[in-house]
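The values are calculated or read from the model by the stated rules, or taken from the named source; none is laboratory data. Small disclaimer: the values here were computed from a predicted structure and weren't measured. In this analysis, Cβ positions are derived from the backbone assuming ideal geometry, glycine residues included, and neighbour counts consider all displayed protein chains. In case anyone asks, the SASA skips ligands and DNA or RNA and just uses the protein heavy atoms, side chains included. Shrake-Rupley method; radii C 1.70, N 1.55, O 1.52, S 1.80 Å.
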Amino acid sequence: MASFSAKSKDLEPVYAQFSGDLFALCFFYTLRSNEATSLMQTILSDMAYREKTFRLALQGREGFFRAAYGGCMDYFLRKARKMPNAEELRKANVPFPLTDSLLSLLQLPYGSKAPLFFVLRLGLTEEEAGKLLDRSPAAVRHGLDKALKRAGLGREEAEAALASLSVGDSALQRVWDRFEMERSEDGFEGKQRLRFFKRRMDLAAPWAALGVLVFCGFCYLGVHYGWFNGIPYLSSSSYRSQMEPDPSNDPLKEINDYLNPSSQTSSLPEDPSAELPLEISTVSVFVPTDTGFTEYRVKDTPGDLTEVAAQMVALGGMPEGGKLLSVKLDNHGEEHAEGSSVVYTMGGTLTLNLEFNRDTADYLAEPAHETMLRAMVGTFVAFYQDHSLDEISFQCEGEEILCGSARAQDFLPDKLPVEKTVETNYRPAV
């Protein structure tokens, strides 16, 4: 099937009629005279090679500039670059005066230029410009007002500045002559096919990349959840944990516990962040106010006390720069005699020891910050609400933190006067 090729006698009169405004449009988007004339040739090639674009160009002023505007958008997508500043533009070699008003318009963002050009330069109505740009008249009006406001110009002043974008008839004729010369060369149609193929690839590349990412994500989830073979993915550490023997099934453990009762250990871990609790949950963070306390219910918080401390700092329930360095939860059981045997029992004193950095200790050392100490104690007690604490100790470098003469233990039984409760989301560490 033969490709379409427009006849020069059909295209030349249309070009002659609109070539001056075409140069103005191309310069408005390229900001360089040589690139403006090169873009004009490209637009003419589109009109000559693509039947749909050619038919559009023959439909009068609106159709011609709809086709031309499509060429400008292709240029913008292919060669968008940093906008030159006013001084760089002043040094440009152009065949018209670069007034301050025109410079203000040339430096507008590309997205703001179209309504300005088609309404003020071509004299289209907002309805006509809307059809050309596939926008509503209200959108064209809004874009025009926004562009004028950004340029700091009135409507008449901007219209005069756009009217000054012009080039001589000889320059416009040279563009046509170069187009005709290029069109007469062998391989013109092949070059156009290659150019349109590259254009389609440029437009398709982002979608292709998105498709690859979606495919990779699907494969990852499929392996992770076992969609393909019905077996969810397990890490090597999970396999090791399945292979390791369970110490609770050791037949020698009961004998050893009987002979050495003091070797029994509390079922509560030394580091509560490792065991209590493990799941993601909602935790309470208390923050002092002028007249009481606010309770923040932080959703989706990892069951690690250091994570809770980070939320406290973020919300104001712990001094800025404060850090929780270590956590130790001790359960001191009791021993009592039964006949000739000594029996070790749980249910003794449950003590929480928290080690903070120096910034926290220095802040809490001031008596005026006693409410912050109370808020912190309230938050940690709430974290262990399923394990009633008997003692709590705040320490720094091995010494207990004192707020004046008060210590954390003094506020352990306190019920904080909460003024309001706020639901909020977990804030990941930056």
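When you count the other C-beta atoms within 10 angstrom of each residue and take the mean per peptide, 301-314, 150-163 line up highest first as 301-314, 150-163.
Using only alpha carbons, the stretch 1-145 has a radius of gyration to Kirkwood radius ratio (Rg to Rh) of 0.98. Fully extending the segment from Asp362 to Asp390 would add 7.5 nm, taking 0.36 nm per residue of separation and subtracting the current Cα-Cα distance. Once Rg and the Kirkwood radius are both taken over the C-alpha atoms of the stretch 91-177, their ratio Rg/Rh works out to 1.02. Taking every protein chain into account, the accessible area of the stretch 1-146 amounts to 46 square angstrom per residue (probe 1.4 Å). Using r as the Cβ-Cβ distance of Asp330 and Trp227, and R0 as 41 Å, what FRET efficiency do you calculate, to the nearest 0.05? It comes to 0.35. Dipole magnitude for the stretch 380-430: computed about the Cα centre from +1 point charges on Lys and Arg Cβ and -1 point charges on Asp and Glu Cβ, it is near 300 debye. Centre-to-centre separation between the Cα atoms of the stretch 1-68 and those of the stretch 139-165: 25 Å.
Summing Lys and Arg as +1 and Asp and Glu as -1 over all other residues whose Cβ lies under 14 Å from the Cβ of Tyr426 gives a net charge of -2.
Taking the stretch 26-52 and a reference point 7 angstrom along Cα→Cβ of Tyr110, the backbone N atoms nearer than 19 Å belong to 26-44, 46. Close amide H contacts of Ser281 (hydrogens built in the peptide plane, cut-off under 5 Å, sequence separation of 5 or more or a different chain): Asp300, Thr301, Gly303. Using 0.36 nm per residue and subtracting the Cα-Cα separation, the extra length available between Arg150 and Arg174 on full extension is 5.1 nm. Given R0 = 51 Å, the distance between the Cβ atoms of Glu279 and Ala138 translates into a calculated FRET efficiency of 0.45. The residues of the stretch 356-430 present an accessible area of 57 Å² per residue when probed at 1.4 Å with all protein chains retained.
Here the gap between Glu62 and Leu402, fully extended at 0.36 nm per residue and compared with their Cα-Cα distance, gives a gain of 114.4 nm. Only the Cβ atoms of Lys and Arg (+1) and of Asp and Glu (-1) were treated as charged; on that basis the dipole of the stretch 63-136 about its Cα centre amounts to roughly 320 debye. Treating r as the C-beta distance of Leu77 and Ser166 and R0 as 30 Å, the FRET efficiency rounds to 0.65.
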